[in-house]
Amino acid sequence: MNTVNIKPLSVNKAWQGRRYKTDDYIAYERAVLLSLPKINIPEGRLLLRLEFGFSSKASDIDNPVKMFQDCLQKKYGFNDSRIRLLMVAGVDVKKGDEYIKFAIESVEDLAT
């Protein structure tokens with residue numbers, strides 16, 4: 001799995017009302033896009049594996065998924081509707097040690 005050493009952003013910090021990205025989201029998106037490594041995205045249906053290192057025990061595991069997934073789509077030029085399987089884990093870490101790990105794999109590879 002690949003690692004991005006950035007604190008996961010909650011959906012509550014991402015949007016102002018229903019239409020506008022917050023300054024936090026804009027900064028998060030910029031940082032994530034600059035931090036993502038070069039990888040090849042498989043063809044066809046995809047499995048996205050995510051692991052979020054949370055410093056707050058109150059963090060919801062699903063909260064940062066969409067913002068990070070949208071960053072992956074933007075960076076790697078694929079439509080996130082191709083993601084057909086999602087595996088998400090949350091790990092408790094100390095404040096300042098937050099991270100995001102991810103892997104994008106072919107769902108077809110799982111069938112073999």
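The values are calculated or read from the model by the stated rules, or taken from the named source; none is laboratory data. These figures come from a predicted structure and were not determined experimentally. Every residue, glycine as well, gets a Cβ built from its backbone with ideal geometry; the counts of neighbours run over all protein chains shown. Just the protein is used for accessible areas: all its heavy atoms, side chains included, with ligands, DNA and RNA removed. Shrake-Rupley method; radii C 1.70, N 1.55, O 1.52, S 1.80 Å.
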For Arg49, indicate whether it is within 17 Å of Ser106 (Cβ to Cβ) and modelled with pLDDT of 95 or more. yes
Subset of region 55-77 [within 14 Å of the chain's Cα centre (by Cα) and either farther than 22 Å from Asp24 by Cα or open to solvent by 20 Å² or more (accessible area, probe 1.4 Å) (or both)]: Asp60, Ile61, Asp62, Asn63, Lys66, Gln69, Asp70, Gln73, Lys74, Lys75, Tyr76
Picked from region 1-38 (must be loosely packed, with under 15 Cβ neighbours inside 10 Å, in contact with a Lys or Arg (Cβ under 6 Å, 6 or more places away or on another chain) and modelled with pLDDT of 90 or more), the residue nearest to Gly77 (Cα to Cα) is Leu33
Condition test on Asp92, is it loosely packed, with under 15 Cβ neighbours inside 10 Å, over 15 Å from Met1 (Cβ atoms) and at pLDDT 95 or above? yes
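Looking for something of a type in the set (Phe, Trp, Tyr) and over 13 Å from the mean Cα position of the chain (by Cα) - is there at least one such residue anywhere in region 12-21?
Yes: region 12-21 contains one or more residues that are of a type in the set (Phe, Trp, Tyr) and over 13 Å from the mean Cα position of the chain (by Cα).
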